[in-house]
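The values are calculated or read from the model by the stated rules, or taken from the named source; none is laboratory data. These numbers come from a predicted model, not from an experiment. Note that each Cβ is placed from the backbone with ideal geometry, even for glycine, and that neighbours are counted across all protein chains shown.
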Amino acid sequence: MREARAGLRKPRSGRILYGVRILPLALLLLAAREPDVEGGKGLFRRLRPPEPGEWLWVYPEEGQTFAEYRASDPVRPTAERRTVYIAPFLTRPAGDPALLPAMKGLLSASFAAEVRILPPRPLPSGAYVRARRQVSAFALAPHLVRELPGDALFVLAVTDRDLFVGDLSHAFGWGSLKLRVGVLSTARLGAEADPALARRRAMTLALHEAGHLLSLPHCTFYRCLMNGALTVEEADARPAALCPVCRAKLCWNLGITDPMDRERSLAGAFAAAGMERDSDDALTIAGAKG
Ligand SMILES: [Zn+2]
Ligand SMILES: [Zn+2]
């Protein structure tokens with residue numbers, strides 16, 4: 001794909017100095033330069049053309065290259081703003097008690113950041129639209145922005161109420177590319193029918209929305225954590241891992257020179273959350289290293 005080829009370059013320095021440490025990143029960038037053939041076997045599978053009713057059918061996004069991401073002035077950690085916050089707005093504290101700790105572990109591993117869970121609070125007035133019995137992401141966002149802690153890299157709100165965004169009838173989550181605030185809802189994740197699956201969905205959703213909060217837009221290149229999803233089935237079909245293009249963006253953003261360190265942390269966080277990773281969730285390039 002044009003964007004993927006044009007957008008990525010190997011790191012200019014450190015390939016010899018850092019030897020093995022830089023190798024995984026170089027391999028990832030290489031992988032992103034040479035997209036897999038459709039339906040073929042490779043590190044990651046190319047996204048097939050969208051079908052009616054799927055996200056990219058409804059919202060034909062163009063995708064963003066690594067170079068475009070770097071040039072987009074994305075949200076990045078600063079010396080003062082390094083902490084990730086989870087802001088719970090829960091009406092049923094008896095829900096999944098392991099949900100927030102698991103989310104904390106995954107976000108910490110994914111973003112190499114300290115993660116803090118804020119005390120649960122009622123929704124701010126105006127954020128809950130009584131006539132729709134839904135939370136408005138756009139009405140909640142200004143409250144989250146106003147209350148951003150001084151050291152916050154970003155804040156991800158979690159509500160168990162149904163959510164909507166703009167003119168969409170409902171949404172699983174929303175994350176601003178610039179404001180450092182986002183929200184996800186556990187209301188439509190099927191917790192009653194299958195708590196373990198619901199937790200997995202919540203975790204993947206948290207990682208996806210948090211990706212938006214570091215200015216990662218939807219991915220249109222590969223099957224990827226950052227694929228847009230209109231339905232829970234579409235969300236289930238995306239892996240809980242970033243494709244090479246999005247992974248390169250994140251590693252550049254956070255200054256991660258060895259993505260395998262991050263992978264090992266993520267594997268531990270997935271295990272602690274009681275979640276098995278799909279075969280395509282894990283960074284299979286680990287095999288290439290050894
Ligand atoms: Zn999204
Ligand atoms: Zn991607």
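The rows are residues; the columns are (1) more than 21 Å from residue 105 (Cβ to Cβ); (2) of a type in the set (Lys, Arg).
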{"residue": "181", "(1), (2)": "yes, no"}
{"residue": "190", "(1), (2)": "yes, no"}
{"residue": "199", "(1), (2)": "no, yes"}
{"residue": "225", "(1), (2)": "no, no"}
{"residue": "242", "(1), (2)": "no, no"}
{"residue": "249", "(1), (2)": "yes, yes"}
{"residue": "254", "(1), (2)": "no, no"}
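Under the condition of being among the hydroxyl-bearing types (Ser, Thr, Tyr) and at pLDDT 95 or above, which residue from the range 80-109 is farthest from the chain's Cα centre (by Cα)? Steps first, please.
The first filter runs over the range 80-109 and keeps only residues among the hydroxyl-bearing types (Ser, Thr, Tyr), leaving 83, 85, 91, 108.
Next cut, at pLDDT 95 or above only: 83, 85, 108.
On the way: 83: 16, 85: 15, 108: 12 Å.
Across the range 80-109, the extreme among qualifying residues is 83.
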Can you tell me which residue in the range 235-249 is nearest to residue 214 (Cα to Cα), limited to those that are more than 7 Å from ligand 2 (Cβ to nearest atom) and free of Cβ contacts under 8 Å to residues at least 40 places away in the same chain? 238
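If you check residue 153 against the conditions, is it under 16 Å from the mean Cα position of the chain (by Cα), on the phi < 0 side of the Ramachandran plot, more than 16 Å from ligand 1 (Cβ to nearest atom) and not polar (S, T, N, Q)?
Values: under 16 Å from the mean Cα position of the chain (by Cα): yes; on the phi < 0 side of the Ramachandran plot: yes; more than 16 Å from ligand 1 (Cβ to nearest atom): yes; not polar (S, T, N, Q): yes.
So residue 153 passes the test.
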Out of everything in the range 198-234 that is in contact with a Gly (Cβ under 6 Å, 6 or more places away or on another chain) and among the aliphatic types (A, V, I, L, M), what residue ends up being nearest to ligand 2 (Cβ to nearest atom)? 226
From the option list 221, 164, 138, 172, single residue qualifying as outside the structural domain of residue 88 (by TED's automatic domain parsing), within 26 Å of residue 60 (Cα to Cα) and not hydroxyl-bearing (Ser, Thr, Tyr) is 221
Here is a list: 97, 124, 120, 142. Which entry is surrounded by fewer than 20 Cβ atoms within 10 Å (Cβ to Cβ), in a helix (DSSP H, G or I) and free of Cβ contacts under 8 Å to residues at least 40 places away in the same chain? 142
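Any residue that is more than 16 Å from ligand 2 (Cβ to nearest atom), assigned by TED's automatic domain parsing to the domain that holds residue 81 and more than 15 Å from the chain's Cα centre (by Cα) - is there at least one of those in the range 259-267? Walk me through it before giving the result.
Step one: of the range 259-267, the residues more than 16 Å from ligand 2 (Cβ to nearest atom) are 260-261, 264-265, 267.
Filter once more, so that each one left must be assigned by TED's automatic domain parsing to the domain that holds residue 81: none.
No: the range 259-267 contains no residue that is more than 16 Å from ligand 2 (Cβ to nearest atom), assigned by TED's automatic domain parsing to the domain that holds residue 81 and more than 15 Å from the chain's Cα centre (by Cα).
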Failed item in (1) more than 22 Å from the chain's Cα centre (by Cα); (2) within 17 Å of residue 253 (Cβ to Cβ), with residue 134 passing the rest: (2)
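Give me the helices (runs of 4 or more DSSP H) completely within the range 172-279, filtered to those with at least 2 residues that are buried (at least 23 other Cβ atoms within 10 Å of the Cβ) and within 16 Å of ligand 1 (Cβ to nearest atom), ordered by residue number. So that I can check it myself, show each step before the final result.
Values: elements: 195-213, 232-237, 244-254, 259-272.
By residue number, 195-213, 244-254.
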